[in-house]
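Worksheet: the structure to be examined is printed underneath.
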Amino acid sequence: GAGVSQSPRYKVAKRGQDVALRCDPISGHVSLFWYQQALGQGPEFLTYFQNEAQLDKSGLPSDRFFAERPEGSVSTLKIQRTQQEDSAVYLCASSLDLAGGEETQYFGPGTRLLVL
Amino acid sequence: DQQVKQNSPSLSVQEGRISILNCDYTNSMFDYFLWYKKYPAEGPTFLISISSIKDKNEDGRFTVFLNKSAKHLSLHIVPSQPGDSAVYFCAARDNNNDMRFGAGTRLTVKP
């Protein structure tokens, strides 16, 4: 596709339920990023992949959060035993290449997660 | 720890006038700065960027200024148009690709 796509766009979960959020990056983009955006705040970094390698997961808020990108393209962010504080918009971004260059991240539309 | 700050949550300007959005950062390791624009229910869209080796970058109606000594950057939009109404996020990145965002400024351009 032309841009980054994410699914589902909206997800309502009961507290304690597991959820899986999908990201399809721009074809050929090496780097993939996940962000969490709370209401009224800017996106906050969760984790990042270079191809299939998860190079940084320092932003994941707890061990209930897990991300993977097994074939270096599509990525899934999984949240286990969801809590109300997990309610946020989860944004995925991709960029052509890594590191240090003047590389722009392109964002998907986000998945809005509401945990009741 | 807010490493990137946008102190104005909102800004309202008249169509045709200049919009100036400001951003301050604290981490001297940031070497690349970006502005994103966000409409409701959409992801942030890249607008313009600047490398730390420059102090100005211009693209049409949009100009970004960087003052490294003050750790300050600004986005100028001139002339402002109603379609520019959106939330604008400032972002800063270090050479580990760690990108931090400000909280955003909601710009309203009145016809």
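Brief remarks on what is shown
- Overall, chain A carries a charge dipole of about 660 debye about its Cα centre when +1 sits on the Cβ of Lys and Arg and -1 on the Cβ of Asp and Glu, all other atoms neutral.
- Pairs from the table (A:11/B:38; A:78/B:71; A:57/B:71) lying more than 25 angstrom apart at Cα are A:78/B:71; A:57/B:71.
- Charge dipole of the protein assembly as shown (Cα centre as origin; +1 on each Lys and Arg Cβ, -1 on each Asp and Glu Cβ, all else neutral): 760 debye, rounded to the nearest 20.
- Whole-angstrom gap from the range A:1-72 to the range B:31-98, using each part's C-alpha centre: 23
- Trypsin sites (Lys or Arg not before Pro) within the range A:38-84, DSSP loop, no more than 12 other Cβ atoms inside 10 Å: A:81
- Neighbour-limited loop hits for GluC sites (Glu not before Pro), the range A:35-116 (at most 16 other Cβ within 10 Å; DSSP other than H, G, I, E, B): A:52, A:71, A:102
- Under the Debye formula (equal points on every Cα, no solvent term), log10 I(q)/I(0) of chain A at q = 0.11, 0.13, 0.16, 0.22 Å⁻¹: -0.32, -0.44, -0.67, -1.25
- Relative contact order (percent, whole number), the range A:5-95, Cα cutoff 8 Å, 6+ residue spacing: 37
- Taking all C-alpha pairs of the protein assembly as shown, those more than 33 Å from each other amount to 16 percent.
Rule-based calculations on the coordinates, nothing more; no lab input. Note that the structure is predicted; figures quoted are calculated from it, not measured. Virtual Cβ from ideal backbone geometry, glycine too; neighbours counted across all protein chains shown.
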